[in-house]
Amino acid sequence: MIGKITTSVLAVGAAAMLASSPAMADYPRKKITFLIAYGPGGGFDTITRKLGPYLKKYLGGKVTIVAKNLPGGRGKKAAQFLAKRKANGSHILMFNMPGHAMPNIIGEKAGYDVRKIDWLGRVAQFRYVIVTSASKGKYKNIQEVLKSKSQIKIPITGPGTTGYLASAILWNALGVQPKYITGYKSSSRYALGVIRGDGDLTILAKGSFKKYISSKKKKRAAFKDLKPILEITNGKSEFGVPTTGEMGQKDLSILGGDRIVGTTPGTPKAIKDQLATALYKAVTDPEFVAWGNKVGRPVAPLNAKDATKLVGELFSYYTQYKDLLAASNKKTR
């Protein structure tokens with residue numbers, strides 16, 4: 001009899017503990033802050049705000065998703081903020097990888113470690129194209145760039161950004177000596193800088209570059225402001241220009257960006273799994289997918305396990321260039 005009573009008491013106690021745990025009782029019936037590491041109007045801001053309602057839909061309950069811009073430190077401010085929150089699933093952030101990993105890779109004090117973030121899944125990815133001014137460009141094609149004995153002037157945001165990382169590795173592999181012109185707040189700003197002749201060329205995500213194509217058919221003749229001269233891919237060029245794969249630089253195809261959502265390290269597994277499941281359903285929702293295709297921001301979903309693996313692979317790849325990236329970082333300070 002005592003055994004039965006004790007078992008019953010333990011069962012009731014266990015049930016009470018489960019009911020009082022955040023994972024089972026409060027979550028997700030509360031506010032979740034979806035942090036944005038950059039200012040309003042950019043790609044991360046746009047995708048985060050569009051994704052929020054779909055995430056709410058699949059989390060269910062009375063959860064409220066609140067988007068919050070927290071720009072600063074080339075994305076570090078938001079990542080630092082996330083890392084210091086309570087590990088209860090109340091804050092999530094779409095990381096810019098590998099940009100957000102840069103401080104960890106080169107040994108800077110970051111206030112967070114991407115290897116410890118609890119990853120929930122990937123939303124999208126992008127790859128790059130090298131562009132120059134269609135009217136004021138000093139170099140007509142990539143062959144002229146490779147033959148140049150002068151420093152190539154490249155307007156760009158600054159060290160730590162994904163575009164900067166990709167540029168440093170790309171030009172090092174191609175034997176080109178770059179001179180970075182930093183201080184631009186966004187890719188649209190430095191693209192405008194190239195158009196007006198501030199520098200020779202720059203790197204743009206393909207989706208961002210498409211905004212400058214005037215023809216819906218995307219013919220080469222439609223490149224009136226910016227024209228492409230090199231595409232970073234091992235596949236067929238989308239714009240009819242040489243590719244890094246054709247130049248024998250197949251390992252460079254990894255250069256680009258991955259938008260991966262994470263939450264505070266140490267988040268209970270039940271909460272993490274719930275968030276990850278809802279995120280994957282949100283990203284693969286037909287309406288969200290259709291929106292992404294319409295605006296030129298196609299989704300590239302990965303579940304939590306595969307996203308975590310990808311972060312490890314990216315960290316390992318870019319760590320090979322630790323000294324190069326650290327040196328480039330110092331040159332622009």
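Just name the residue that is modelled with the lowest pLDDT out of those in segment 21-52 that are outside any loop (DSSP other than H, G, I, E, B), out of contact with any strand residue (DSSP E or B) (no Cβ under 7 Å at 6 or more places or on another chain) and not β-branched (Val, Ile, Thr). Before the answer, list the steps.
The initial filter retains those residues of segment 21-52 that are outside any loop (DSSP other than H, G, I, E, B), namely 22-26, 31-36, 43-52.
Adding the requirement that they be out of contact with any strand residue (DSSP E or B) (no Cβ under 7 Å at 6 or more places or on another chain) leaves 22-26, 43, 46, 50.
From what's left, not β-branched (Val, Ile, Thr): 22-26, 43, 50.
Working: PRO22: 43, ALA23: 46, MET24: 46, ALA25: 52, ASP26: 62, GLY43: 83, LYS50: 97.
Among those that are outside any loop (DSSP other than H, G, I, E, B), out of contact with any strand residue (DSSP E or B) (no Cβ under 7 Å at 6 or more places or on another chain) and not β-branched (Val, Ile, Thr), it is PRO22.
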- segment 150-189, subset in a helix (DSSP H, G or I) and over 20 Å from SER253 (Cα atoms), residue modelled with the highest pLDDT: ARG189
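In segment 79-104, how many residues are more than 17 Å from the chain's Cα centre (by Cα) and part of a loop (DSSP other than H, G, I, E, B)? Don't jump to the end; show me each part of the working.
As a first pass, look at segment 79-104 and keep what is more than 17 Å from the chain's Cα centre (by Cα): 81, 83-91.
Filter once more, so that each one left must be part of a loop (DSSP other than H, G, I, E, B): 84-90.
Counting residues in segment 79-104 that are more than 17 Å from the chain's Cα centre (by Cα) and part of a loop (DSSP other than H, G, I, E, B) gives 7.
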- Note on the structure: Across (1) modelled with pLDDT of 90 or more; (2) part of a helix (DSSP H, G or I); (3) surrounded by fewer than 17 Cβ atoms within 10 Å (Cβ to Cβ); (4) touching a helix residue (DSSP H, G or I) at 6+ places or on another chain (Cβ under 8 Å), ASP113 clears everything bar (2)
- Item | Count of residues meeting criterion [within 28 Å of the chain's Cα centre (by Cα) and without any contact (Cβ under 8 Å) to a residue 60 or more places away in the chain] in segment 127-162 | 5
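Looking only at segment 170-198, which residues are β-branched (Val, Ile, Thr) and more than 19 Å from PRO228 (Cβ to Cβ)? Explain how you work it out, then say what you get.
Going through segment 170-198, the residues β-branched (Val, Ile, Thr) turn out to be 176, 181-182, 194-195.
Answer for segment 170-198, where residues must be β-branched (Val, Ile, Thr) and more than 19 Å from PRO228 (Cβ to Cβ): ILE181, THR182.
Determine, yes or no, whether THR267 is at pLDDT 95 or above, assigned to a helix (DSSP H, G or I) and over 16 Å from ILE47 (Cα atoms).
Judged against the criteria, THR267 is not a match.
Let's see how each residue does on (1) surrounded by 15 or more Cβ atoms within 10 Å (Cβ to Cβ); (2) closer than 21 Å to ALA327 by Cα:
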position: TRP171; (1), (2): yes, yes
position: LYS185; (1), (2): no, no
position: LYS224; (1), (2): no, no
position: LYS227; (1), (2): yes, no
- Output for Cβ contacts, cut-off 6 Å, separation at least six or different chains, first residue in the same structural domain as SER135 (by TED's automatic domain parsing) and within 11 Å of ILE130 (Cβ to Cβ) in segment 227-248, second surrounded by 18 or more Cβ atoms within 10 Å (Cβ to Cβ) and hydroxyl-bearing (Ser, Thr, Tyr), reads ILE229/THR132; GLU231/THR243; ILE232/TYR128; ILE232/THR244; THR243/THR233
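I'd like the residue in segment 58-78 that is assigned to a helix (DSSP H, G or I) and over 18 Å from THR46 (Cα atoms) and, out of all such residues, is modelled with the lowest pLDDT. Before the answer, list the steps.
Within segment 58-78, the subset assigned to a helix (DSSP H, G or I) is 58-59, 73-78.
Now narrow it down to the ones that are over 18 Å from THR46 (Cα atoms): 58-59, 73, 76-77.
Values: TYR58: 96, LEU59: 95, GLY73: 85, LYS76: 92, LYS77: 95.
Among them, the one singled out is GLY73.
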- Taking GLN151 and the conditions (1) crowded, with 19+ Cβ neighbours inside 10 Å; (2) in contact with a strand residue (DSSP E or B) (Cβ under 6 Å, 6 or more places away or on another chain), which numbered condition does it fall short on, given that it satisfies the others? (1)
- Note on the structure: Of the residues in segment 51-70 that are touching a residue at least 40 places away in the same chain (Cβ under 8 Å) and under 22 Å from ARG297 (Cα atoms), the one that is surrounded by the fewest Cβ atoms within 10 Å (Cβ to Cβ) is LYS57
- Message: Exactly one of these conditions fails for SER328: (1) modelled with pLDDT of 95 or more; (2) touching a Pro at 6+ places or on another chain (Cβ under 9 Å); (3) polar (S, T, N, Q); (4) under 18 Å from ALA173 (Cβ atoms). Give me its number.
- Response: (1)
- Any idea which of LEU82, LEU120 is modelled with pLDDT of 95 or more, assigned by TED's automatic domain parsing to the domain that holds TYR27 and in contact with a helix residue (DSSP H, G or I) (Cβ under 6 Å, 6 or more places away or on another chain)? LEU120
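The values are calculated or read from the model by the stated rules, or taken from the named source; none is laboratory data. None of these values were measured; they are calculated from a predicted model. Positions of Cβ are backbone-derived with ideal geometry, glycine not excepted, and every protein chain shown enters the neighbour counts.
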